[in-house]
Amino acid sequence: MVDLEQKLKPELLAVLQKLSGFAGEQNQELYIVGGFVRDLLLDLEPGDLDLVLVGDAIKFARGLLSHCEQSEAISILEEHPQFRTVKLQINDTKLEIASARSETYAEPAAFPKVKLVNDISVDLPRRDFTINALLISLNQSSFGELVDFVGAQQDLEQKQIKVFHDKSFIDDPTRILRAQRFAAKYGFEIETHTQELINQAESHPDFGHWQKKLKNRIKTETEKLG
C-alpha cells in the first residue's frame, strides 16, 4: 500500500480522488502507472502523471468533462484517437490518461497499432522497462494499493533496468537512450540480457535507418541524457 495522503500534495490527492470517484461510477478500472510510481517509491519528486484506464480514455475524459460543474477548472488539452490517449488539466494538475491496450509494430521503429484490452496486466509488456510497469490503484475498493504483475519491485530494489521482450529496442530504438539515461540518473545497472539486446540492435545494419525514422524522439532523448 502506498500512503498517497502522506506522499502527495493535498491538491493532487484531491484530483486523483475525483478521478477515482468518476471511474467508480463508470465501473472502470483506473491506475497510476510509469515513472510517477517509480519515483514515488524511490522517494524522489515524481514527474509527469500518467494514468491507465481499462476502457476508452477519450470517452472517459469527455464524460468527466460533462459530469463536472461549470465552475470546476477541467479541460481537455489533447486527444490522440490513434493511440486512444488524452491529456487533461484539472485545476493546476496536468495528466495523461491512456487506454489499456496491446501494441504491434508493422516494422522496426514504426508507430504501433493499438488494440484496447480488458485486462490491465496485458497492457504492461508494451512498456519500455519493468521498473516503469508498476501500478498504483485508484479504484475505490483498493485506492493506493501497489500492483506489481511483472516483478518490478524486485528490479527496483536490485537497481536494474530490464526490458520485457527481445524485440524491444528494435520496435523502439529510443529505449536505448532511455536505458542509458535511467542508469545515469538513478545509478542503476542495465541487466545483462538487456545490454546484449542493446548491442544487437546497435550493430544491426538498419540501425541508422531506424534512428532517422525517429529523429525527433531521438533528439528529445539525447537532450534529456545531457
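Just so it is clear, none of the values below were taken in a lab; they were calculated from the coordinates. Here the structure is a predicted model, which means the values were calculated and not measured. Neighbour counts run over all protein chains shown; Cβ positions are idealised from the backbone, glycine included.
Specify whether the C-alpha gyration tensor of region 161-226 places it in the rounded, prolate or oblate class, a ≥ b ≥ c being the square roots of the eigenvalues: rounded for a/c under 1.5, otherwise prolate if a/b is larger than b/c and oblate if not.
Details: a/c = 2.18, a/b = 1.12, b/c = 1.95.
Verdict is oblate for region 161-226.
Please return the longest range in the chain lying between exposed loop sites, taking GluC sites (Glu not before Pro), DSSP loop only, at most 15 other beta-carbon atoms within 10 Å, and leaving the sites out.
On the way: sites that count: GLU69, GLU72, GLU145.
Counting at most 15 other Cβ atoms within 10 Å as exposed, the longest clean stretch of the chain is 146-226.
The sum of -39500 (n - 2.57) across all DSSP H runs of n ≥ 4, divided by the residue count of the chain, sets its helix-only mean residue ellipticity at 222 nm to -11500 deg cm²/dmol. When a/c reaches 1.5 or more, the comparison of a/b and b/c decides; with that in mind, is region 90-169 rounded, prolate or oblate per its Cα gyration tensor? Verdict is oblate for region 90-169.
Applied to region 116-125, the Karplus parametrisation 6.51 cos²θ - 1.76 cosθ + 1.60 on θ = phi - 60° returns per-residue 3J(HN,Hα) values of 5, 10, 9, 10, 4, 5, 6, 6, 5, x Hz, with x for Gly and Pro.
Please state the relative contact order of region 161-226 as a whole percent: Cα pairs under 8 Å, 6+ residues apart? Numbers along the way, then the final one.
Numbers: 45 pairs, mean separation 28.6, N = 66.
Result for region 161-226 is 43 percent.
Between SER203 and LYS185, the modelled labels are 2.9 nm apart [label points 7 Å from Cα along Cα→Cβ]. For ILE161, the residues whose modelled amide H falls within less than 5 Å of its own, excluding neighbours fewer than 5 places apart on the same chain, are GLU189, ILE190, GLU191.
Short-range pairs are left out: with C-alpha atoms under 8 Å and at least six residues apart, the relative contact order of the chain is 17 percent. When we measure straight from the Cα of LYS224, which aspartates and glutamates land under 15 angstrom away, once same-chain ones fewer than 8 places off are left out? Result set, ordered by chain and number: ASP48. Computed from the C-beta positions of GLN89 and GLN26 and an R0 of 25 Å, the FRET efficiency is 0.80 to the nearest 0.05.
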